[in-house]
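Have a look at the structure below before the remarks.
The values are calculated or read from the model by the stated rules, or taken from the named source; none is laboratory data. These figures come from a predicted structure and were not determined experimentally. All Cβ positions, even for glycine, are placed from backbone atoms using ideal geometry, and neighbour counts span all protein chains on display. For the accessible areas, the whole protein counts, side chains as well, though only heavy atoms, and no ligand, DNA or RNA atoms are used. Shrake-Rupley method; radii C 1.70, N 1.55, O 1.52, S 1.80 Å.
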Amino acid sequence: MLPDEKPNLRRLLGIATGLCGALVVLGVWSGGQSSLMKGSVICLVATASYGLGYTYTRRYLSGGDIPAITLTAIQVSWAALELALFAPLLSGAPHWGGKGPMAAMVVLGAVGTGLAYMWNLSVIRAVGSTVASTVAYLTPLWAAIVGVFFLNESLGWNTVVGALLIVSGVLLTRTAPSRPVAGNKPGAGAGAGTEAGTGAEAVPPPAEEKKEEGTVQPARP
């Protein structure tokens, strides 16, 4: 969907490597229960929505000069409005969960969502949606690390191997830096060979302006 992000071999290999790393961290070879099938399908739909969201943001929102904080505020506000309309219908009326859970929700909303969306938009603008989307591969890795430190979970070999695969995949998705155009000298300004860097060809000066300094012109009769 994005003309400037062609799926070259390097990016496809990076995405595949990162996906394999995420599956290794999760230990998918241990099998799953049929009761988890519904939740797994919902997770697949959600991740597909994330992919569409990255692409939509890159194509329609990242190219403008609107500040990231403004776009983030709009996005979070619309999400809050949708939750306010549909959550009571699906989960019942909201209730007070206590100071601890409410404080956690505020921190997660302001930092884990607000700042994260701002940084995410900046990454999409800088390196594109494909590279930015690979941050999803880091989620199971961080979940495993947090589980080790706060829930006394064991750190298995699959977590270490999967982490290496994930990091390798993220690095592979980074395309090589573009080479300078032939004829452009390093250090030349953006407008070299053009008018103010707009891409228009420079207009040659009049013939009178090309006269070399110090050249004596013959006297007219």
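Quick notes on this structure:
- Exactly one residue among 152, 158 is over 29 Å from residue 128 (Cβ atoms) and either in contact with a Leu (Cβ under 9 Å, 6 or more places away or on another chain) or of a type in the set (A, V, I, L, M, F, W, C) (or both), and that residue is 158.
- Residue identified as farther than 20 Å from residue 139 by Cα, at pLDDT 85 or above and not β-branched (Val, Ile, Thr) among 16, 79: 79
- Residues of region 23-44 that are open to solvent by less than 90 Å² (accessible area, probe 1.4 Å) and either at pLDDT 80 or above or at positive phi (or both): 23, 24, 27, 31.
- Any chance residue 163 is hydrophobic (A, V, I, L, M, F, W, C), closer than 30 Å to residue 7 by Cβ and at pLDDT 75 or above: yes
- Screening the candidates 111, 123, 170, 203 for the property of being modelled with pLDDT under 50 and among the hydrophobic types (A, V, I, L, M, F, W, C) yields one hit, 203.
- No other residue among 98, 128 is at positive phi and touching a residue at least 60 places away in the same chain (Cβ under 8 Å) apart from 128.
- One residue from 146, 106, 131 being among the hydrophobic types (A, V, I, L, M, F, W, C) and in contact with a helix residue (DSSP H, G or I) (Cβ under 9 Å, 6 or more places away or on another chain): 131
- Failed condition for residue 154, given (1) modelled with pLDDT of 75 or more; (2) surrounded by 10 or more Cβ atoms within 10 Å (Cβ to Cβ); (3) small (Gly, Ala, Ser): (2)
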